[in-house]
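Have a look at the structure below, then the notes.
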Amino acid sequence: MKIEEKLTQAILAGFENKFGQKIPSNKIILQTTRKEFEGDFTFVTFPFGRITKKRPEETAQILGDYLQENIEWVTKFNIVKGFLNISISSHLWIELLNTISSTDYFRSLPRNGEKVMVEYSSPNTNKPLHLGHLRNNFLGHSVSLILEAAGYEVLKANLVNDRGIHICKSMLAYQKFGHDETPEEDNIKGDKLVGDYYVKFDLENRKQTVELQEQIKAQNPKISKEDLAKKSKNTPLLLEAQEMLQKWENNDPQTVALWKKMNGWVYTGFDETYQTIGVEFDKFYYESGTYLLGKQIVQEGLEKGIFFQKPDNSVWINLKSDKLDEKLLLRPDGTSVYMTQDMGTADLKYRDFSMQKSVYVVGNEQDYHFKVLRLIMQKLNRPYADGIFHLSYGMVELPEGKMKSREGKVVDADDLVAEMVAIATERTNEAGKIENFTQKERQKLYHQLALGALKYYLLKVEPKKKMLFNPKESIDFQGDTGVYIQYTHARCCSILRRAEALGIDYINFSSLTTLEPLEIDLIRLIADFPIKLQEAAQNYSPAVMANYAYDVARLYGKFFAELSIFNAENPASKALRIQISLQVAETIRVVLQLIGVEAPKRM
């Protein structure tokens, strides 16, 4: 039982003994005593006046006297108005550290019998992964690891957006402006080659838009900007792309062959990137295999009167009674939209996994989409509908503004990782602490630091917040960075290696009668691991784990600077501080692992 739980039980006994009142345990809230006051835990008595019929100070005095007289490990207390500050015996903190060190304290929480599918990445096969995709992948992967550690059975899924008008744009551009080139011939990753043609389509389409607008203005010089934009929207190139989409959905052999070839290039490129960034999946779904299932659901909804058809043959759902709007489910030409595909995929996913929760890691520009998806599936009485959860996250922006894929204004994921590795290499070599590393060990360390910096920087911010990314800020051996946390882990490992070399026994320290405040603070913080894990899982927030890792590293930095380890005043204190270093290293290692970051033992 944790100290907080023991103290809660003791306070409950005090209420019953002194006031004849049984208080629900959830009403007892303990806080860490503020640094300016003496004590380990603070209990606020203000809310209990109606029960005790006493002023807050009197209630605190009565409870404090009871605790000191009846609980052997409560050494003393003091009262500041209605705040009861309670000091705990050092032996209880030592007992807690012994429990942490002698048990598998950082193991996963007990299985809860629930299944959850986490869908993330979900790339389009018309461009390579970029910085925004990295936040998505890191969020989804970390949430999967956290949920698994918190007791869920987790399946990591990737829904590949491999069909639609945007895919046809790349295909058409390659068909019209390419020269049958291949990634091998151009010595370029396949996803980058296809992405180049997506940008090419946009450039050519813009030219046609300008030409079309000039023709329209020549015929009607007084046309308004709004009408001009509408009339020039469907350029010849865009109409060709729409025609290609219809051919694809009609299974035209030539169109399908081109689609398979270009998608194959992209998948090879994606796989290489996923391996580089340390992200994996248990199951892949493809929109090309689910949109027809969605069309079946559209038919079901029409038959049940949940959906309706307009005169142009398009199919919609009216959600105005739910304070939303009408939502298109099928275009007039019979082609599907994203919602059609997502409905089909939702059914298929449940058929495969029968999960209680389905987490979609998708940017916040799709908030409305997922509200509608959940509502549609509820109206269709799907058993999984209530478990649909949109893990909405803010966009990652650059100092110069928002990224735009179709204009080629993006930070390519591969290029960014390469840049991070270059920065990590430069900073590490400047520090000059890896002279005895082999070249292979150096390359591994540079990669670990680069990805650690990148993942931590993108995950330490709560998902819903948008963020500005600066690569050079993310790699720093000091401050709130992944590298600083990794360095703290390596420092702890160095202390353990020295202790082993010196033959120091760091198991026996129970003879200590007093602990330094910093020692208690670190034991208390390490013991919070299960609470932090549960909080991160409940909120689908890797930021909880990331910031917890930094809090542990920062406090250990203070501990290391202010308390001597190998020159401690007695062998028991030396053993205790080495044991604390071991448990800090283990805490950091496990927590970093949950955000997908490796913890080097040497730096």
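The values are calculated or read from the model by the stated rules, or taken from the named source; none is laboratory data. All values reported here derive from a predicted model rather than from experimental measurement. So basically every Cβ, Gly included, is an ideal-geometry build from the backbone, and we count neighbours across all protein chains shown.
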Completion exercise
Of the listed residues (F177, F201), the one being hydrophobic (A, V, I, L, M, F, W, C) and over 38 Å from the mean Cα position of the chain (by Cα) is F177
Completion exercise
If we ask which residues in region 325-369 are surrounded by 21 or more Cβ atoms within 10 Å (Cβ to Cβ), among the polar types (S, T, N, Q) and over 16 Å from S288 (Cβ atoms), their number turns out to be 1
Problem - Selection from region 333-381 of residues that are of a type in the set (D, E) and not in a helix (DSSP H, G or I) - result: D333
Fill in the blank from the handout: Reported set for region 284-323 where residues are among the aromatic types (F, W, Y) and either over 16 Å from L373 (Cα atoms) or surrounded by fewer than 21 Cβ atoms within 10 Å (Cβ to Cβ) (or both) is F284, Y285, Y286, F308, W316
Practice task
Sort through A424, A418 and tell me the only one that's hydrophobic (A, V, I, L, M, F, W, C), farther than 17 Å from Y484 by Cβ and either modelled with pLDDT under 95 or under 26 Å from the mean Cα position of the chain (by Cα) (or both).
Solution key: A418
Handout entry: Members of region 234-255 found to be surrounded by fewer than 15 Cβ atoms within 10 Å (Cβ to Cβ), in contact with a helix residue (DSSP H, G or I) (Cβ under 8 Å, 6 or more places away or on another chain) and either closer than 30 Å to L131 by Cβ or aliphatic (A, V, I, L, M) (or both), listed by number
Key = none
Completion exercise
Checking V160, V194 in turn, the sole residue that is under 18 Å from K260 (Cβ atoms), touching a residue at least 40 places away in the same chain (Cβ under 8 Å) and not in a helix (DSSP H, G or I) turns out to be V160
Fill in the blank from the handout: Note on region 559-603: residues surrounded by 16 or more Cβ atoms within 10 Å (Cβ to Cβ), within 30 Å of the chain's Cα centre (by Cα) and outside any helix (DSSP H, G or I) are I595, G596, V597, E598, A599, P600, M603
